[in-house]
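Values quoted throughout were computed directly from the atomic coordinates according to the rules given, and no laboratory measurement underlies them. Keep in mind it's a predicted model, so treat the numbers as computed, not measured. Every residue, glycine as well, gets a Cβ built from its backbone with ideal geometry; the counts of neighbours run over all protein chains shown.
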Amino acid sequence: MTFHDDLLLGSTLSPLRRDLLKYAYSKVDDGDEIPDEAEPLKNKYLHVVEKGLGPKNMSTLSQKKVS
Amino acid sequence: MIIGAGTSGLCAGYELKKAGFDVQIFEASSRVGGRVKTFKDPFLAPGLHGEGGAMRIPDDHFLTLKYVEKFGLDLFPFEQENKFIFLEGYGSTLTYDKFNQLLQAKDAKLLALFPGLKPGEMGKTCDELFEAAVEPVREYFMEVYKKNPNNITAAYEAITEKYDKYSLRTYLTDVGKWSQAAINLYDVGNAHVVFENGFIESWKDAFLSSNSQGGLAGMRQLQEGMDGIPKGFIRDPDVDKHTLIDNITFGARVTHIDISNTQQISLTYDAGASIETVTGDWLIIAIPYPSLRLITKSQSFSPRKEVAIRSVRYVEVTKVLLQYRQRWWEPIFHANGQGHDGGLVTDLPIRYTMFPKTKHSRQAERSERGVVMAAYTFEQDATSLGAMSPEHRTLLAARNIDRIFPGANSLHFLEASIAQVWPADAMAGGSAFAYFGPMEKTLFWDDMVSAEWGSTVFFAGEQVSYTHGWIQGAFEAGISAALQLYSIATVNLVDDDDDSMSD
């Protein structure tokens, strides 16, 4: 993870980013539409829960096993 | 192989098992969940529960909520409708709203408890003081952001670079120019402030809490206890074919890890009266750093990871739960024109009390009883409470509560007590959760998340996330470690069955 991930996947994930911008904007231009650049990373993690880590399956191809 | 059947290790193991890996988890205790620890019968009356560890889920913790949904667990609101404060020197219990009004009115009796407040600090609430103190951070953030439009990362990195050197205390005194009296006011007005924590992490928590009007709005909890989350990974095989129920070795205290010339990892553990050794291709370490420190290794990890393992800051927490035969507090809260539940901050040793949410609560529907988190303490308060005998600790907590609500006859209703003393919990390494100190984020993060021993050893646990102290952090780290391992393990493999991963 990088600082970028920290920001996107930090203590509050996408809301952190939105809130950070809202917070920063709060005394400048309240009501601005806040983009949510965290969605791709958030979706990447949700995809793991919903669909798994990836397309390959070790049970059929791995030569390595715990002994 | 995975060390630790806390939420992070379970999550990593579960996702790897779904991907066809042969998973073995080694857990020193006899239960799953780690720092998710729900007390039920026989510690409390049948049908009741109380949380010794994680106890609430913010609405934005999407991974936690995703697994809650997956496991079919029922949620209900956590936020509390009342908030009180009791300061020993003031002598009577106030609603928090009244406390703020007195601060703003510069009430002489209240301000006398904080001698040395600067003129500019008088007349402000704790939140107003803090918001003013962190205003330079917001301004600097916007200054950098305006120079780098649509690049919030650059702005965030800039404030991190500038302010990560501060603890919360040094920021407030050196940058915010707070008096010691203001520090004291903020301390007793919040109860959970840890001034030695790093400023950046404290700042993120604080401004996000202020955004949600006290940090509790939008929180939810599980109807039958938070242990439903880790137990979701060990459901009956008929319910979940990927269950880890038979992939965990309990009572296995890992003492040594080794790597062979052929990159095989071996793991030695105490198992009851015997010592066992197993080998495998990859290892995920999903236990707190203080516990990892106790495991010997045949060779060191990278130097900065070793420093991180040795020094990353952990927070100590002690919670004392009291079971009352009747929810005696409800009439008091009603008298304040609000709901059934509430929180209390105090400078007494119990520091923070949470009266349970009863609206929509199944355990409240089942019984007139209630389990109060009488003491939710941090750092020195947690250590002191933890050092007491259970009987003495119960008496202290119950009498503190009785003193704060005199006339409620609360001692008359006390039935049982149980405490979770994380500083004395060997399985957790004597710690509740990680929370970066000054510069730890800047110095250690890249090394904390990197694999070791030729990409055969990976790291999970909430400390390897930026959501320290939350189940969400355990999930983030567990999935990250599983993704890292999966990527390494499958790099040279070809699988024609792309649908095999579908759950």
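Results, tabulated for the structure shown:
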| item | result |
| --- | --- |
| Answer residue from the stretch B:135-168, given it is assigned to a loop (DSSP other than H, G, I, E, B) and more than 10 Å from every other protein chain (Cβ to nearest Cβ) and is surrounded by the fewest Cβ atoms within 10 Å (Cβ to Cβ) among those | B:149 |
| Meets criteria (within 22 Å of residue B:322 (Cα to Cα), in contact with a strand residue (DSSP E or B) (Cβ under 7 Å, 6 or more places away or on another chain) and assigned to a loop (DSSP other than H, G, I, E, B)) for residue B:54 | no |
| Which numbered condition residue B:48 misses (of (1) within 21 Å of residue B:474 (Cβ to Cβ); (2) more than 19 Å from the chain's Cα centre (by Cα)) | (1) |
| In the stretch B:246-280, the residues that are more than 14 Å from every other protein chain (Cβ to nearest Cβ), surrounded by 13 or more Cβ atoms within 10 Å (Cβ to Cβ) and not in a strand (DSSP E or B) | B:250, B:251 |
| Selection count where residues are over 18 Å from residue B:378 (Cα atoms) and among the β-branched types (Val, Ile, Thr), scope the stretch B:402-420 | 1 |
| Residue in the stretch B:423-431 that is part of a loop (DSSP other than H, G, I, E, B) and among the hydroxyl-bearing types (Ser, Thr, Tyr) present | yes |
| Lone unmet requirement of (1) more than 10 Å from chain A (Cβ to nearest Cβ); (2) farther than 25 Å from residue B:161 by Cα for residue B:479 | (1) |
| Test: residue in the stretch B:304-322 that is surrounded by fewer than 20 Cβ atoms within 10 Å (Cβ to Cβ) and without any contact (Cβ under 8 Å) to a residue 60 or more places away in the chain | yes |
| Matching residues, the stretch B:1-32, being away from every other protein chain (no Cβ under 14 Å) and surrounded by 24 or more Cβ atoms within 10 Å (Cβ to Cβ) | B:4, B:5, B:6, B:9, B:27, B:32 |
